[in-house]
Amino acid sequence: MAEIELRFPRWIGVVCADLEAQRRFYRDILGLRETGEGDDWIQFDLGPGVTFEIVAQSADPEYDQPRYQVGFVVDDIRAAREELLARGVEPVTDIKGSVSYWAYFHDPEGNVFEITERHGA
């Protein structure tokens, strides 16, 4: 089997039912600094190279219910995904992205995790 080197999570996410309530909690109560936002996500700074993101619950399989998720950094997402599939890990999505890339999987108890190949900051 090929080796997959998962490093400490670079991304930690919370899938939530109420994006604005979560924003106020993490920004106003916990004091996290907001660094980016979209229609269905908000990112906060957790230090160099680490992102904490809240994501609105949706019909997408990786965001279909409220939960915490982690994103492990890999050097080559295509090779890592193929190796995880060869090892019998259940995929949730194909590879997504255009500059940075990510793909989601289930662990044996159904928890969702991400592998990510990030480029840039």
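Estimate the FRET efficiency between ARG7 and ASP40 by the formula 1/(1 + (r/R0)^6), using the beta-carbon distance for r and 41 Å for R0, to the nearest 0.05.
0.90
Can you tell me, using C-alpha contacts under 8 Å and at least 6 residues apart, the relative contact order of the chain as a whole percent?
Normalised by residue count, the contact order of the chain is 26 percent.
How much net charge surrounds PHE105 when only other residues with a Cβ under 10 Å from its Cβ are counted (Lys, Arg +1; Asp, Glu -1)?
In short, -3.
Output the antiparallel fraction of DSSP beta bridges having both residues in region 1-106, as a percent to the nearest 5.
Percentage antiparallel, nearest 5: 75.
With loop defined by DSSP as not H, G, I, E or B, and exposure as at most 14 other Cβ atoms within 10 Å, which is the longest segment of the chain clear of exposed GluC sites (Glu not before Pro)?
6-108
Mind checking region 32-121 for trypsin sites (Lys or Arg not before Pro) that DSSP puts in a loop (not H, G, I, E or B) and that have at most 13 other Cβ atoms within 10 Å?
Loop-located and lightly packed - ARG33, ARG87.
Grab the Cα-Cα distance for GLN65 and ALA17, subtract it from 0.36 nm times how many residues apart they are, and report the gain in nm with one decimal.
Stretched out fully, the GLN65 to ALA17 stretch lengthens by 16.5 nm.
Pull out a ≥ b ≥ c, the square roots of the eigenvalues of the alpha-carbon gyration tensor of region 63-121, then state rounded if a/c is under 1.5, prolate if not and a/b is larger than b/c, and oblate in the remaining case.
Here region 63-121 falls in the oblate category.
Taking a ≥ b ≥ c as the square roots of the eigenvalues of the Cα gyration tensor of the chain, is the shape rounded (a/c under 1.5), prolate (a/b larger than b/c) or oblate?
prolate
Just want to confirm a number: the relative contact order over region 4-48, from Cα pairs under 8 angstrom separated by 6+ residues, in percent.
Computed over region 4-48, the figure is 23 percent.
Running a GNM on the chain with Cα contacts under 10 Å, which residue among ILE29, ILE95, ILE54 ends up with the highest mean-square fluctuation?
Judging by the Gaussian network model, the answer is ILE29.
FYI, it's all coordinate maths here, none of it is from the lab. Not measured: the values here are computed from a predicted model. Because the Cβ atoms are built from the backbone with ideal geometry, glycine has one as well, and the counts that use them run over all protein chains shown.
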